[in-house]
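The values are calculated or read from the model by the stated rules, or taken from the named source; none is laboratory data. Computed from a prediction, not measured in an experiment: that's the story for all the values here. Neighbour counts are summed over all protein chains in view; Cβ atoms, including those assigned to glycine, are modelled from backbone coordinates with ideal geometry.
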């Protein structure tokens with residue numbers, strides 16, 4: 001058996017954050033490579049400094065939205081072998097803070113699941129539609 005070099009995967013996390021009957025979305029900047037100007041659930045990449053996956057998730061949300069979250073539940077996962085990425089999607093709940101755009105985010109807003117914006121990343125729409133069924 002040949003000695004294979006291990007593939008290093010990037011772990012991407014994102015979360016649907018709920019407060020009452022609304023979900024928090026962030027609007028991507030026009031300079032983003034994919035889906036510029038579209039709405040998406042907040043998230044990002046896990047970094048070496050993160051002690052756990054959920055602490056990295058909380059850090060990313062705070063960096064993008066200025067809010068703190070609690071009660072993280074893993075809802076879905078996906079591995080993309082070609083891109084060497086692992087995607088973890090959570091459901092979380094609002095804890096504190098006033099939502100405002102930070103980092104690369106240009107807008108942060110609460111939406112009803114029944115009134116999502118038309119310019120939303122397709123994967124986000126599919127993910128949020130699962131919550132409408134429950």
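Does residue 108 count as in a strand (DSSP E or B) and touching a helix residue (DSSP H, G or I) at 6+ places or on another chain (Cβ under 7 Å)?
yes
So that you can scan it fast, the table gives a plain yes or no per residue for (1) touching a helix residue (DSSP H, G or I) at 6+ places or on another chain (Cβ under 8 Å); (2) within 26 Å of residue 8 (Cα to Cα); (3) in contact (Cβ under 8 Å) with a residue 12 or more places away in the chain:
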position: 52; (1), (2), (3): no, yes, no
position: 55; (1), (2), (3): no, yes, no
position: 61; (1), (2), (3): no, yes, yes
position: 65; (1), (2), (3): no, no, yes
position: 77; (1), (2), (3): no, yes, yes
position: 90; (1), (2), (3): yes, yes, yes
position: 95; (1), (2), (3): no, no, yes
position: 119; (1), (2), (3): no, no, yes
position: 131; (1), (2), (3): no, no, yes
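Please name all residue pairs, on different chains or six or more residues apart, with Cβ atoms under 7 Å, provided the first residue is in region 20-37 and is under 12 Å from residue 64 (Cβ atoms) and the second residue is modelled with pLDDT under 90 and surrounded by 15 or more Cβ atoms within 10 Å (Cβ to Cβ).
Short answer, once both residue conditions are applied: 26/105; 27/105.
All but one of (1) surrounded by fewer than 17 Cβ atoms within 10 Å (Cβ to Cβ); (2) under 12 Å from the mean Cα position of the chain (by Cα) hold for residue 79; which doesn't?
Just one mismatch for residue 79, condition (2).
Do we have any residue at all in region 98-112 that's at pLDDT 90 or above, surrounded by 13 or more Cβ atoms within 10 Å (Cβ to Cβ) and farther than 23 Å from residue 58 by Cβ?
No.
So which residues in region 17-59 are closer than 16 Å to residue 97 by Cβ and surrounded by fewer than 13 Cβ atoms within 10 Å (Cβ to Cβ)?
Passing the criteria: only 20.
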